[in-house]
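The values are calculated or read from the model by the stated rules, or taken from the named source; none is laboratory data. Since the structure is predicted, the reported quantities are computational estimates derived from the model, not experimental observations. Don't worry about glycine lacking a Cβ; one is built from the backbone with ideal geometry, like all the others, and counts go over all protein chains shown. Remember, those area values only see protein heavy atoms, side chains included, never the ligands or the DNA or RNA. Shrake-Rupley method; radii C 1.70, N 1.55, O 1.52, S 1.80 Å.
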Amino acid sequence: MPASPPSFRPASPWWCALHLPQLALDAEARHRRALQAFDDALPWALTDGPQQRRIHAANATARAQGVHAGQAVASAQLLCPGLALSAHQPVRDAALREWLAAYAYGFSAEVSLREPDTVLFEAGRSLGLFGPWPRWQQRLRDELVGYGVQVRIACAPTPLAARALARAHDGLAVADATQLQRLLARLPLGLAGLPDDALRLLERSGFKRLGDVLALPRAALAKRIGPSVLDRLDRLVGRAPDPLPLYEPPTRYAARLDFDHPLADATVLVFPLRRLLQEFALFLVQRDGGVPGFRLVFGHEDGVAPTRLEVRLAAPERDAARLFDLARLKLDGARLPAPAVSLGLEADDLPGFHPEHRDLFDARTRSGDAGLLDSRLRARLGDAAVQALAVVDTHRPEAAWCWVDTPRTRLPALAEGPRPLWLIDPPIVLREAVDAVLAGPERIETAWWDDEPVRRDYYRLRTRSGQEAWAFRPVGGEGGPWWLHGWFA
């Protein structure tokens, strides 16, 4: 059924359903791709049940050879001798749903994971920004296919109707209440999302379509299926409000890949590291955030403590290539105590992202930025090898700055004023003849409380060669030598 025309402008709320018809398969395939061990052209299936003896889901190649969900593993292997089997991991399904919720959060602040196989988000308020709907829908499909996620998409005035229509009519967008009632009435009862016991009861009573059930008197229907199922039907068709528990982006990030066998070679770890950082970068973009640093955690066997590598950045970043570049430098300089059985990525601080503003005609590239250089040096050499300047609150010029380890406490941008930027430490006797006194004296008298008291009168001088010097004489030392403490540019 075709989507609505470009002029389609529904009123809010208007819910979009991203239905995942093969959630477990997509979650497993994404995991295998991250480990560079995947070929979807070969038949493979997921198993579950006691001793993993039943097929949970099978890919298209296996299904073409007769493998299907619920089938005994022995029967599936007879039909498809080359069938590769993996145990179904529900934790991977949950991780994919969380990832999809974070993706949808980039389009709407109202996202819900209430339904087990669908991510719902309110789309009506965002059409002006991302619409028209046909173009927005195509963008969703193209991006999600690129990320290895198959979805069926539909929109409707109620969340449950959007989910039901996505299961029946991929690509449908409905805003008119009359049209919605007509479409729902023709919906097969099994796609309405009713609880299994209520669905079996209604099907044994001969009901096949949702319209047959909705046509029953409410008292008789409530007696058959109970008030809770009747309430779900009311929320489905819009007779009752349907408040949803809304997804909230996490305040920290954590993701992990478990390897099929221990990996000792750092070069082999590069590919899963890249995949982890690509998903992390997408997460940051969707929540409009950045990250000032993150942690790589390598798990080991035989009771060996996890290896943690801290990657620190000079400023919050979210570009996948730059994050990978810094992580790769950190990994290249690390030595793991034992082969890795897992790789995790953790970030505790996720501030908002404020991109650097440049002039339109500024031809400089980010490769020359001091912040990027700082981050690369720290990743390669370690934090202790890179230091920055920090301001110290004191009047004594030679003590007004110090070295610090953190890259976040830098000297502010300074314009040359009454004091020069280039200081000579320690001061030396000015050997050149003074041509003129341009400014001064400026008395600096401080540090009487320690072993280095200062009582000086500073002047701005021009020497006979034309240079401008910052020099002083001790208080009461008129006629004595000038002590050179700095040069003006």
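Yes or no, residue by residue, for (1) in contact (Cβ under 8 Å) with a residue 12 or more places away in the chain; (2) charged (D, E, K, R):
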{"residue": "A240", "(1), (2)": "no, no"}
{"residue": "E248", "(1), (2)": "no, yes"}
{"residue": "P292", "(1), (2)": "yes, no"}
{"residue": "L296", "(1), (2)": "yes, no"}
{"residue": "R308", "(1), (2)": "yes, yes"}
{"residue": "V311", "(1), (2)": "yes, no"}
{"residue": "L326", "(1), (2)": "yes, no"}
{"residue": "L343", "(1), (2)": "yes, no"}
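Only one of the listed residues (R275, R218) is surrounded by 17 or more Cβ atoms within 10 Å (Cβ to Cβ), among the basic types (K, R) and in contact (Cβ under 8 Å) with a residue 12 or more places away in the chain. That residue is R275.
Of the residues making up the stretch 278-301, those that are under 19 Å from S342 (Cβ atoms) and either surrounded by fewer than 18 Cβ atoms within 10 Å (Cβ to Cβ) or among the small types (G, A, S) (or both) are Q278, R295, V297, G299, H300, E301. The set of residues in the stretch 116-135 being in contact with a Leu (Cβ under 8 Å, 6 or more places away or on another chain) and at pLDDT below 95 consists of D117, W133. Taking the criterion of being open to solvent by less than 50 Å² (accessible area, probe 1.4 Å) and at pLDDT 90 or above, the residues of the stretch 305-316 that qualify are T307, L309, V311.
Counting only helices (runs of 4 or more DSSP H) that fall entirely inside the stretch 119-233 and contain at least 3 residues that are touching a strand residue (DSSP E or B) at 6+ places or on another chain (Cβ under 7 Å), the qualifying elements are 133-146, 159-168.
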